[in-house]
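Notes to accompany the following structure.
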Amino acid sequence: MDPPTPVNDVLCRQLIECGLREYDAKIYVALFGLGLASATELHKLTGIPRGRVYETLSYLQEKQFITAAGKNPVMYKVEDIHRTLFAVQDDMMSRIKKISECLHEMERIYHPVRFLQGQVPILTEGGIEYQFRLMCRRARSQIVILCNDAELLKRFSGDLRRVEKQVDLYVIVSRPEMAAALPFPCYMVNETVDESLFSPKGAHTSYPMLLQVFLDMRNMFMIADIDGQMHGFYTDDNLYKEFISRMILRDIRKI
């Protein structure tokens, strides 16, 4: 039986899938096949540029995959696999700890308010505005907007004017004066459903609603006032969307 080639492509791919870089995997597999080799020999065998060979050998030593001995030339061989496995385990645990700390810090900065399960919060003002504009671009047939805040409606009026030319737009306001000077028609609903629309509590949130967007009767995005700060979030509540589709458009009147 022919001896195995020093650089086994299958083993290289497996190591790459486990997180090693391409050059790391090639040199590590080559050393397993050769037993002992210098940097020059590894360069000739693998075709890896000489400078990158030294860089890779240094990295593999640091991670305890290989060891070096002697000088002129320095010779390299693989480390005992049990030592390597312990080193890999320690490295992975250290990375998991760092990732955990980073995720908790991002949670503290960007998601300081706890939302219900299924809600995706967006807590920066720039992120809220960007998501609103993305929803306008995603619309295919219809956008229904409930607005309880005149200033917010004016801020988005340019976006809504553009989207009105592409899809059916229904902007429903809580007070008729909010429609003044807006470049698109606005609507109101009858008093029977008015309170439940503009003060949606319970299943959604107990915070004051500023604006809600229903996109093609599938996606819902709400902007709420939480302790004087604007917060946005997506939610998936099929009952509420069904209520919107059955009740709102049936009971609206143009201002």
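Tabulated results
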read-out	value
Segment 179-197 - residue that is of a type in the set (Ser, Thr, Tyr) and modelled with pLDDT under 85 and, of those, surrounded by the most Cβ atoms within 10 Å (Cβ to Cβ)	196
Residues within segment 225-252 that are modelled with pLDDT under 85 and assigned to a strand (DSSP E or B), tallied	9
Helices (runs of 4 or more DSSP H) (entirely within segment 1-74) containing at least 3 residues that are within 37 Å of the chain's Cα centre (by Cα)	9-17, 22-34, 50-62
Test: residue in segment 93-103 that is under 20 Å from residue 9 (Cα atoms) and of a type outside the set (Val, Ile, Thr)	no
Test: residue in segment 46-62 that is crowded, with 17+ Cβ neighbours inside 10 Å, aromatic (Phe, Trp, Tyr) and more than 30 Å from residue 121 (Cβ to Cβ)	no
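The values are calculated or read from the model by the stated rules, or taken from the named source; none is laboratory data. Everything quoted here is computed from the prediction, not taken from an experiment. Cβ atoms come from the backbone with ideal geometry, glycine included; neighbour counts cover every protein chain shown.
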